[in-house]
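The values are calculated or read from the model by the stated rules, or taken from the named source; none is laboratory data. Everything numeric in this text was worked out from a predicted model, so none of it was measured. Don't worry about glycine lacking a Cβ; one is built from the backbone with ideal geometry, like all the others, and counts go over all protein chains shown. Each accessible area value is taken on the protein alone, full model and side chains, heavy atoms only, with ligands, DNA and RNA left out. Shrake-Rupley method; radii C 1.70, N 1.55, O 1.52, S 1.80 Å.
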Amino acid sequence: DVKVTQSSRYLVKRTGEKVFLECVQDMDHENMFWYRQDPGLGLRLIYFSYDVKMKEKGDIPEGYSVSREKKERFSLILESASTNQTSMYLCATREQGNYEQYFGPGTRLTVT
Amino acid sequence: QKEVEQNSGPLSVPEGAIASLNCTYSDRGSQSFFWYRQYSGKSPELIMFIYSNGDKEDGRFTAQLNKASQYVSLLIRDSQPSDSATYLCASPHAGGTSYGKLTFGQGTILTVHP
């Protein structure tokens, strides 16, 4: 079974803090994704990575950056957290050649 | 412009009924669709994948794809309270990049009441 883990289930941060969300997968998948999920808006893609050190912007990258130094780990960084970044953040992985994405348990981030 | 649209519901059906969930899409080039189920507080899990016109059945679930009308639906027969969840429709991103980006609809909340 694919296992995707995220560093925290719940996180509370203050406005202006730098926030790191970590995602680790154990299936050697090439592609990794970060989404945020808000009521009524579904899942929106923030960034994705198709290989180590490779990244591309998704639909809503503003205010975020990412890092992928190792194949199994994909980090989402909020450079200066703001209250409108309060959301559920979901990491997903995908094996090259297969469309199915496997999701981590999610991190519910609250910025106060 | 959103490419995949779902009625956000909520949709409420009695136990044993057929639940019908619908999704429309704007990109005629879309070739395949996924249905994910997401229980409250949990992450999405894939339940159906369809890539050709017509119906695909898996147990109590049937996915229907109509490319001419640009809609895809999910039917759940003999609905159970355990089917209560948010159902997300998703399509590989326009242009079919090899990186497999998915565009998700807003999700439909389904409640099956006893």
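For A:N98 and A:I60 in one chain, what is 0.36 nm times their gap in residues minus the Cα-Cα distance, to one decimal in nm? Intermediate results must be reported in sequence, preceding the final value.
Numbers: separation 38, 0.36 × 38 = 13.68 nm, distance 2.41 nm.
Gain on extension, A:N98 to A:I60, equals 11.3 nm.
Ranking B:H93, B:A17, B:F49 by Cα position along the charge dipole of chain B, where only Lys, Arg, Asp and Glu carry charges on their C-beta atoms, puts B:H93 farthest toward the positive end.
Divided by 2.2 N^0.38 Å, where N counts the residues, the Cα radius of gyration of the range A:40-80 comes to 1.19.
When restricted to Cα atoms, the range A:62-112 yields an Rg and a Dmax of 12.9, 41 Å, respectively.
Express in % the proportion of alpha carbon pairs of chain B at distances exceeding 23 Å. Present the calculation step by step, with values, prior to reporting the outcome.
Details: 1528 of 6441 pairs.
For chain B, the share of Cα pairs beyond 23 Å comes to 24 percent.
Compared with the alpha-carbon gap, the fully stretched path from A:M27 to A:K70 is longer by 14.2 nm at 0.36 nm per residue. Ordered from largest to smallest accessible area (heavy atoms of protein chains, 1.4 Å probe), the residues B:R37, A:R14 come out as A:R14, B:R37.
For the cross-link pairs A:K18/A:K55; A:K3/B:K56; A:K3/A:K71, the ones whose C-alpha atoms lie over 26 Å apart are A:K3/B:K56.
Any idea what the dipole of chain B comes to, in debye rounded to 20, about its Cα centre with Lys/Arg Cβ at +1 and Asp/Glu Cβ at -1?
Once rounded to the nearest 20, the dipole reads 240 debye.
Dimensions of the protein assembly as shown based on its C-alpha atoms, expressed as ranges along the principal axes with the largest first, amount to 49, 37, 36 Å. Could you state the number of Å between the C-alpha centres of the range A:61-112 and the range B:30-79? The range B:30-79 and the range A:61-112 have Cα centres spaced 25 Å from each other. Around the Cα centre of the range A:20-97, unit charges on the Cβ atoms of Lys, Arg, Asp and Glu (plus for the first two, minus for the last two) sum to a dipole of about 100 debye. Put A:K53, B:K101, B:K67 in order of accessible area, highest first, and with a 1.4 Å probe you get A:K53, B:K67, B:K101.
Computed with every protein chain present, the accessible area of A:T86 is close to 50 Å² [probe 1.4 Å]. Each of B:N7, B:T103, B:A63 was scored by the projection of its Cα onto the charge dipole of chain B, and the greatest displacement toward the positive side belongs to B:T103; charges sit on the C-beta of Lys, Arg, Asp and Glu.
Taken along the Cα-to-beta-carbon direction at a fixed 7 Å, the label points for A:V12 and B:E57 span 5.2 nm.
Kindly give the semi-axes, whole Å and largest first, of the ellipsoid equivalent to chain A, taking each as the square root of 5 times a Cα gyration tensor eigenvalue. It would help to have the intermediate numbers written out before the result.
Working: eigenvalues 99, 38, 34 Å².
Each semi-axis is √(5λ); the values are 22, 14, 13 Å.
Among B:Y51, A:Y102, the sequence by solvent-accessible area, most first, with a 1.4 Å probe is B:Y51, A:Y102.
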